[in-house]
Amino acid sequence: MTNRSLVRSVPTFILVSILAVACTATTQQSQVPSGREFGSLISSNANVMIEEGRQTFRYDTFGDEGFWSDAIRLHQAFAGAVQGGVAPAVSPQTALSVGLKVDAAVLPKELVTLIMAGKVNMDDPATTLALLKLNAVVGLKGTSNNDGSLKSVGITCALCHSTVDNSFSPGIGARLDGWPNRDLNVGTIISLAPDLSPVTGLLGVDEKTLKQVLAGWGPGKFDAVVFMDGKATRPDGGSGATGSVNATSSMCDAMPRISASSSLERRGATRAASASASELSKTR
Ligand code: HEC
């Protein structure tokens, strides 16, 4: 290209570029939504994201079955000896006593009727299994084998950072996401797992010592240092556990504490059931 033609082609290039940009701008201009439309688009995007976040918070285990089931075999504590697990399996009464919560919203109507009629055996581990399969135990996600037996369990954020409003009975009700579960005894739940060797191996302590440490946490507390940093106790020998209370302190301090003696709770308290878990399975 000669110098002269270069000189001529530069302005042409600039003109074409300006036209191209102008045309694009005009096209975009014609696609701009009205302010009102755009406002509601933002709202619906926000709602979608809140719903997705809620699903993740409540139900996503991020694959932690690898620890809870593959390593320490916690699911076997729920499966019971009959289904290839260990005895004694966890009854719903035990599950509630270690602070696990049940999401009443996912219980089928027939089951609710049976529970209210006192016809569901809350001492039968099969009932716990049925609740797990319904995805009704807050923060505990069970996966089944093809034959219906329990394959694995994982935990979600909701296990420690949600509770229920006890509107059905103590420990059973509507979810309260982001409310710390101050009753949850994580230490005792971990102690239920049949194989603690991955943890004792990590800590270099025997099972008896580990169980003492776990028993020292108490309700509402969990010590990430044990699992993340491999230290059973603080340097001074005390428990390193901090509360799921503290976990959401910035959230829960600002919110009123739920009344522990609501009439709904009292109504439900008398409802611990008898009858058999086969009643329960009939409803599914
Ligand atoms: C086994 C119980 C447990 C589970 C499960 C759990 N957390 Fe926590 N979380 C805690 C505890 C206990 C603390 C407080 C730690 C401390 O104070 O040292 C905490 C702290 C937090 C904090 C800090 C809150 C604050 O006010 O400082 C956030 C945020 C948080 N967790 C989010 C999550 C998310 C998201 C998940 C799921 C991916 C999750 N947690 C799962 C027990 C748990």
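Which loop chymotrypsin sites (Phe, Trp or Tyr not before Pro) in segment 62-131, with loop taken from DSSP, have no more than 16 other Cβ atoms within 10 angstrom of their Cβ? Those that pass, being in a loop and sparsely packed, are Phe62. Taking a ≥ b ≥ c as the square roots of the Cα gyration tensor eigenvalues, with a/c under 1.5 meaning rounded and otherwise prolate when a/b beats b/c, else oblate, which class fits segment 50-181? It comes out oblate by the Cα gyration axes. Between beta-carbons, use under 9 Å as the cut-off and find the net charge around Val137, counting Lys and Arg +1, Asp and Glu -1. In short, +1. Which stretch or stretches of segment 39-81 have amide N atoms under 19 Å from the point lying 7 Å from Gln31's Cα along the Cα→Cβ direction? Residues 39-42, 45 qualify, since their backbone N sits under 19 Å from the label point. Annotation: extensible slack from Val48 through Leu202 equals 51.3 nm (criterion: 0.36 nm per residue apart, minus Cα-Cα distance).
Coordinate-derived values only; no laboratory data. Since we're looking at a predicted model, the values are computed, not measured. Here the Cβ is made from the backbone with ideal geometry for all residues, glycine too, and neighbour counts use every protein chain on show.
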